[in-house]
Amino acid sequence: METPFAARRVQRVRHEIRQRNVEVARVAPMGSNFVSITFQGDELEGFVSESFDDHVKFLFTDSSGEYVRRDYTPRRFDRERRELTIEFALHGEGKASEWTRQATPGQSAVIAGPRGSMIIPVDYEWHLFVGDETALPAISRRLEELPGDARATVIILNEAGERREFSSNAAPDLRWAASPDELLSILEAMPLPPGEGFAWCAGEASSMARVREILSRKGQPKEAMRVAAYWKNGISSHHQNLD
């Protein structure tokens, strides 16, 4: 049987995994829920991030001396300046949130990866993005990449009520949800556009499992969607692809 067109379009590439010693160059708060931190270092020479879906391991030592690993999206990379920007979501009293709140220029850390990239073409007839606040860095990066004629819909869970401004030539259709149930209701009620499209979704594990179920029921091919659990209630470090 011939492989569906959508399955052939997404390109997966592998990268050499390297641990890179970096230091904090700049810290910039982004509202009450995010902090943008730019890291700099000669060891960022050769760093590659080819997809908004990439993630790196951020490695640091907490106040008790414990070595901690967390996954983050490379938000922006300046090859000439050897600077990598990551947006950190602040979640309660977690170890990564504690580190972020006290981060200052000159502080050291280690970044590893990304181990690979899933390169999703921008010329799909439509794009759908569904996620909670942890998905905002990846969605923001992707919206900046889309051309002006792209058709994009974004459904964001925003329980805190603080809405991000997106920069994009694509003029996306933004839909905000105040609860996980409302996010699922919006997706359930929305017909998928005609034509070949790609759905990218990320957030809490149980919600994303429901999102995947809804999309599958609507007939979205598994080859044309990416659903990831970026975190799970009650677990400090969790990252799982559900598709």
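The aspartates and glutamates within cross-link reach of Lys218, meaning a Cα-to-Cα straight distance under 14 Å and a gap of 8 or more places when in the same chain, are Glu188, Glu196.
Tell me the mean residue ellipticity at 222 nm calculated for the chain from its helices only (DSSP H runs of n ≥ 4, each -39500 (n - 2.57), averaged over every residue, nearest 500).
Working: 5 runs with 46 residues, N = 243.
Here the helix-only value at 222 nm equals -5500 deg cm²/dmol.
Between Ala112 and Lys232, how many nm apart are label points set 7 Å from Cα along the C-beta direction? Going from the Ala112 label point to the Lys232 one covers 2.0 nm. For region 13-116, relative contact order (Cα pairs under 8 Å, six or more residues apart, normalised by length) works out to 41 percent. Placing unit charges on the Cβ atoms of the charged side chains and taking the dipole of the chain about its Cα centre, the candidate lying farthest along the positive direction among Ile186, Ala28, Ser117 is Ser117. Only one item in [x] 71, 54, 31; [y] 64, 56, 38; [z] 51, 36, 32 matches Cα extents along the principal axes in Å derived from the coordinates shown, and that item is [z]. In a simple Cβ point-charge model (Lys, Arg +1; Asp, Glu -1; nothing else charged), the chain has a dipole of about 380 debye relative to its Cα centre. Site pair Thr104 and Leu174 shows an inter-label distance of 3.5 nm when each label is modelled 7 Å from Cα along Cα→Cβ.
Since every read-out is calculated from the coordinates, none of them should be taken as a lab result. In this text the structure is predicted, and so the values were computed from the model without any measurement. Methodologically, a virtual Cβ is constructed for each residue, glycine included, from the backbone with ideal geometry; neighbour enumeration extends over all protein chains shown.
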